[in-house]
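Colleague: I'd like to ask some things about the structure below.
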Amino acid sequence: MQTKEQTLAWVNPLMKIGVIGYLAMHAFQFGYEPGFELPFWNGFIQVLIALVFVSLSIVIIALKRRRFYVLGFFLVFVGSLYITIDVLATQKGFSKLPIQFLLVTISLYFLAVPARSSSH
């Protein structure tokens, strides 16, 4: 039987990879076709998004567990709400709503975990 610390030793890096993957999905979505008429601005925005993604990935990897839970909550919650509002506003892709609901609840889990830790 694994202890809580042994379980967190492999779950936390897995969650960090999941958050980085979620950010990568959105970074690719925003950076693929920025939509400017001049190619310079398209390239500039793509490089800027790539730099923001890499810097956020480094910060996520370096964070301690409790701070990661709060940052993970913020990133997943805001991203999920953005996509949910977009789906509801355009009335397209209603099949994605259950996935977004799952992501919102997972982000709330991120926020609730630090509050449950006991202090003896």
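The values are calculated or read from the model by the stated rules, or taken from the named source; none is laboratory data. Computed from a prediction, not measured in an experiment: that's the story for all the values here. Neighbour counts are summed over all protein chains in view; Cβ atoms, including those assigned to glycine, are modelled from backbone coordinates with ideal geometry. Heavy atoms of the whole protein, side chains included, go into the accessibility calculation; ligands, DNA and RNA do not. Shrake-Rupley method; radii C 1.70, N 1.55, O 1.52, S 1.80 Å.
Colleague: Could you tell me whether the range 1-18 includes any residue that is out of contact with any strand residue (DSSP E or B) (no Cβ under 6 Å at 6 or more places or on another chain), polar (S, T, N, Q), over 22 Å from I83 (Cα atoms) and open to solvent by 80 Å² or more (accessible area, probe 1.4 Å)? Step through it out loud before you land on a result.
Modeller: The initial filter retains those residues of the range 1-18 that are out of contact with any strand residue (DSSP E or B) (no Cβ under 6 Å at 6 or more places or on another chain), namely 1-18.
Okay, now just the ones that are also polar (S, T, N, Q), so 2-3, 6-7, 12.
Keeping just the survivors that are over 22 Å from I83 (Cα atoms) gives 2-3, 6-7, 12.
Those still in the list that are open to solvent by 80 Å² or more (accessible area, probe 1.4 Å) too: 2, 6.
Yes, some residue in the range 1-18 is out of contact with any strand residue (DSSP E or B) (no Cβ under 6 Å at 6 or more places or on another chain), polar (S, T, N, Q), over 22 Å from I83 (Cα atoms) and open to solvent by 80 Å² or more (accessible area, probe 1.4 Å).
Colleague: So, L23, is that one more than 10 Å from the chain's Cα centre (by Cα) and at pLDDT 80 or above or not?
Modeller: Working: more than 10 Å from the chain's Cα centre (by Cα): no; at pLDDT 80 or above: yes.
No, not satisfied.
Colleague: Is it the case that L48 is modelled with pLDDT under 80, assigned to a helix (DSSP H, G or I) and not β-branched (V, I, T)?
Modeller: Working: modelled with pLDDT under 80: no; assigned to a helix (DSSP H, G or I): yes; not β-branched (V, I, T): yes.
So L48 does not fit the description; no.
Colleague: Oh, and also: Among F73, F40, F30, which is the only one that is hydrophobic (A, V, I, L, M, F, W, C), touching a helix residue (DSSP H, G or I) at 6+ places or on another chain (Cβ under 8 Å) and either exposed (fewer than 12 other Cβ atoms within 10 Å of the Cβ) or closer than 15 Å to L103 by Cα (or both)? Don't jump to the end; show me each part of the working.
Modeller: On the way: F40 fails: touching a helix residue (DSSP H, G or I) at 6+ places or on another chain (Cβ under 8 Å); F30 fails: either exposed (fewer than 12 other Cβ atoms within 10 Å of the Cβ) or closer than 15 Å to L103 by Cα (or both).
The match here is F73.
Colleague: Additional query: From (1) under 24 Å from the mean Cα position of the chain (by Cα); (2) assigned to a helix (DSSP H, G or I), pick out the condition that doesn't hold for E33.
Modeller: (2)
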